[in-house]
Structures are given as structure tokens and as C-alpha cells.
Amino acid sequence: TYDSLPLQNRGDYVNFNGLMAKAMGQRLLNNTIKLNNGQITQLNGSGEIEEQLRQMEKLYQKQLQRETYFLFVSTPHKASPYEDLLPVGTKDWYQIKINSLLVEFENRGIPYLDQQKQLYQEGYRSEDAFFDTDSHWTPRTAFWAYTKIMEQMVDTGVIDPVDPMFLSLDHFASTSYP
């Protein structure tokens with residue numbers, strides 16, 4: 001790994017490695033991939049969901065015993081399954097795992113909110129919702145996600161209706177620096 005390199009040479013090695021990958025047209029490097037829209041994101045490795053599902057169900061049951069509302073929020077991922085973003089032959093294990101979890105949540109009656117699907121249905125695309133060179137949402141996307149969670153909580157009666165001003169983009173302001 002890069003961390004095992006001597007400090008004075010690490011930056012040079014990382015830059016050279018990236019330069020060579022770019023020169024050879026390699027789009028995947030150290031789990032970082034360049035998507036078809038030019039954005040860059042991280043890919044997660046494969047894995048089983050049984051332990052995650054078991055822990056989530058345990059938490060859900062504990063919250064039911066406490067008569068506390070529970071909602072699993074599946075947040076948007078940059079490599080949206082609704083867009084043709086991954087190079088041919090690339091598997092997005094994150095999306096495969098989250099889809100499996102949501103199917104199991106549905107089967108077991110565990111409440112969830114699929115924001116990836118909502119984002120797509122409302123016309124957002126990856127390049128609108130995320131910064132180009134990392135996997136963070138833009139402030140506008142984060143505000144959108146907040147409003148969807150609040151709407152879900154109001155719709156299920158967990159909280160009283162919220163003043164629309166707190167859910168309106170007209171009252172939202174942010175500053176992003178390059």
C-alpha cells in the first residue's frame with residue numbers, strides 16, 4: 001500500500017502510478033473508478049449481507065420494544081443503477097448488497113426509505129447530485145435528502161407537520177468552494 005512507502009517518495013509514487021494508469025486508459029485504480037460521465041467514485045468490495053441484516057433486524061426489534069420509530073435510509077450512491085455509469089464488466093457490489101438488503105427489509109417488514117430510487121424518479125442524475133472528484137453529495141443533494149426523511153417521518157406520524165419553510169429550497173443557502 002501507499003502507506004508503507006517512505007514519506008519522501010510516497011507522493012511521487014502515487015502521482016506516477018496515476019499517470020501510468022491514465023496513459024494506459026485504466027479507469028479503475030485502487031478501488032477508485034472513473035465513471036462514464038467523467039466523475040470519480042469509490043467501489044466497495046464484495047461481501048455477504050447476512051451479518052448486516054441480522055444486526056439491522058436486531059436493532060429494529062429493539063426499537064420496537066422501546067416503542068421508538070425506526071427507519072433505514074438507503075442513501076444515494078454515485079454509481080447510480082439507473083444510469084449507464086460503470087465501464088462494461090464492472091460490478092458495483094455496494095448496489096448489489098443494498099438491493100439485497102432492501103428486498104429482505106421488505107420481506108421482514110423493516111421500514112426503509114430508498115433515496116437512490118427517489119433521486120432518480122425526481123430527475124436528478126449523478127452529475128447533479130455529487131461532486132465530481134469524490135463521493136460526497138453536493139449541499140443541495142444533502143438538503144434534498146433531509147427533506148425526504150422529514151416527509152417520511154411526517155407521513156408516518158412520527159413527527160408533526162413541519163413548517164414548509166424548513167423544507168423549501170427557496171429558504172436554503174449554501175456555499176461550495178472549489
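Within region 148-169, the residues that satisfy the criterion of being out of contact with any Pro (no Cβ under 9 Å at 6 or more places or on another chain), assigned to a helix (DSSP H, G or I) and closer than 18 Å to Phe72 by Cβ are Lys148, Ile149, Met150, Glu151, Met153, Asp155. Asp114 falls short on exactly one of the conditions (1) more than 25 Å from Tyr146 (Cβ to Cβ); (2) of a type outside the set (A, V, I, L, M); (3) touching a strand residue (DSSP E or B) at 6+ places or on another chain (Cβ under 7 Å), and that condition is (1). Kindly evaluate Tyr124 against the criterion of being surrounded by fewer than 14 Cβ atoms within 10 Å (Cβ to Cβ) and of a type in the set (Phe, Trp, Tyr). No, not satisfied.
Yes or no, residue by residue, for (1) in contact (Cβ under 8 Å) with a residue 12 or more places away in the chain; (2) assigned to a loop (DSSP other than H, G, I, E, B); (3) among the acidic types (Asp, Glu):
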{"position": "Ala21", "(1), (2), (3)": "no, no, no"}
{"position": "Asn36", "(1), (2), (3)": "yes, yes, no"}
{"position": "Met56", "(1), (2), (3)": "yes, no, no"}
{"position": "Gln61", "(1), (2), (3)": "no, no, no"}
{"position": "Phe70", "(1), (2), (3)": "yes, yes, no"}
{"position": "Tyr82", "(1), (2), (3)": "yes, yes, no"}
{"position": "Lys97", "(1), (2), (3)": "yes, no, no"}
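Considering only residues in region 7-44 that are under 18 Å from Ser74 (Cα atoms) and not β-branched (Val, Ile, Thr), the one that is modelled with the lowest pLDDT turns out to be Asn44.
Of all residues in region 45-54, those being at pLDDT below 85 and in a helix (DSSP H, G or I) number 0. With the structure loaded, tell me whether Tyr120 is in contact (Cβ under 8 Å) with a residue 24 or more places away in the chain and in a helix (DSSP H, G or I) or whether it fails that test. So Tyr120 passes the test. For region 69-103, the tally of residues that are more than 19 Å from the chain's Cα centre (by Cα) and open to solvent by 60 Å² or more (accessible area, probe 1.4 Å) stands at 3.
Only one of the numbered conditions (1) in contact with a strand residue (DSSP E or B) (Cβ under 7 Å, 6 or more places away or on another chain); (2) modelled with pLDDT of 90 or more is not met by Glu104, and that is (1).
The values are calculated or read from the model by the stated rules, or taken from the named source; none is laboratory data. Everything quoted here is computed from the prediction, not taken from an experiment. As a convention, Cβ positions derive from the backbone with ideal geometry for all residues, glycine included, and neighbour counts pool all protein chains shown. Heads up: the accessible areas ignore ligands, DNA and RNA and are worked out on the full protein's heavy atoms, side chains in. Shrake-Rupley method; radii C 1.70, N 1.55, O 1.52, S 1.80 Å.
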